Amino acid sequence: MIFFGLIMSALIGAVAYRKKSLSESGVAGAMLVGTLIFGFGGWVWGLTLIAFFVYGSLLSKYKEAEKNLVAAEKFDKGSRRDFGQALANGGFGAVLAVLFFLYPSQEWLFAAFIGTMATVNADTWATEIGVLSKHPPRFILNGKPVPPGTSGGITPIGTMATILGGLVIGVTVCVLQSLFSLISAGYVDLLSQLWMLPAGAAGGLAGSLFDSLLGATVQAMYINPETGKETEKKVARNGVRNRFSRGLPFMDNDMVNFVSSIFGAAVTVLVSVPVIG
């Protein structure tokens, strides 16, 4: 299964590279994460990862030029995911897949996987849709208006996208699990799997809001010396090094995403424990 995961990840990575959804290093990261999740987690885990990538890639193309106006100035990275982004989005899921392979009776690990994927999907949807909001985002700490793309800024439409993004992962896992139950056992106990929907929505919302909280408090931010505006970028487009402004130097956007995915996984487990035991 590990070899199959490698082949699948390589093929998907190659297609994504041609579609300019992944950089060269992003292909390597996707292959590493995909091989571990497919190889140790199995079909449902691996196809959930693919679904997340497809959802995000399609959404990133929606009004891409309009979003790039904000991304070029504010965001550290563009729509082409690199190695760091691949690990930030799927790294904890890969760890959970290995643990589930070693301890298959621990159902909470599966719930945690749903939560971590719900978080990264919800955060992606919040960013891709929230940045298009017609109303300025408000800082999560004090509710004051901030420029679009500001770390820690949230909008009503972005928050709704967060809930939907988490819910979609829950639905995706529920459908995949049902299909493979039908194939392997010949029947589907749908009621026993509906917990995945609210668990995905709750984990995605909690993880994404935690992402915004980290962005407002500990994420490393810089000031462009020419424009005086805050940015995630260490170096401006003209090559000038931006001035460190706040946060922790090692806490870049990839690290924020990774930590948030762990938080979302924890919330999903807490929500799911009454059902899965």
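The values are calculated or read from the model by the stated rules, or taken from the named source; none is laboratory data. These numbers come from a predicted model, not from an experiment. Every residue, glycine as well, gets a Cβ built from its backbone with ideal geometry; the counts of neighbours run over all protein chains shown.
For Asp211, indicate whether it is buried (at least 23 other Cβ atoms within 10 Å of the Cβ), of a type in the set (D, E, K, R) and closer than 24 Å to Val269 by Cβ. It is true that Asp211 is buried (at least 23 other Cβ atoms within 10 Å of the Cβ), of a type in the set (D, E, K, R) and closer than 24 Å to Val269 by Cβ. Within the stretch 192-249, the set of residues being touching a residue at least 24 places away in the same chain (Cβ under 8 Å), aliphatic (A, V, I, L, M) and assigned to a loop (DSSP other than H, G, I, E, B) comprises Val218, Ala220, Leu248. With respect to the conditions (1) surrounded by fewer than 24 Cβ atoms within 10 Å (Cβ to Cβ); (2) in contact (Cβ under 8 Å) with a residue 40 or more places away in the chain; (3) in a helix (DSSP H, G or I), Lys20 lacks only one, and its number is (3).
Only residues that are within 18 Å of the chain's Cα centre (by Cα) and either at pLDDT below 95 or polar (S, T, N, Q) (or both) were counted across the stretch 92-122, and they come to 3. So, in the stretch 119-176, of the ones that are without any contact (Cβ under 8 Å) to a residue 40 or more places away in the chain and of a type in the set (Gly, Ala, Ser), which residue ends up surrounded by the fewest Cβ atoms within 10 Å (Cβ to Cβ)? Among residues in the stretch 119-176 that are without any contact (Cβ under 8 Å) to a residue 40 or more places away in the chain and of a type in the set (Gly, Ala, Ser), the one surrounded by the fewest Cβ atoms within 10 Å (Cβ to Cβ) is Gly143. Ala185 meets all of the listed conditions (1) over 17 Å from Phe110 (Cα atoms); (2) surrounded by 18 or more Cβ atoms within 10 Å (Cβ to Cβ); (3) of a type in the set (A, V, I, L, M) but one, namely (2).
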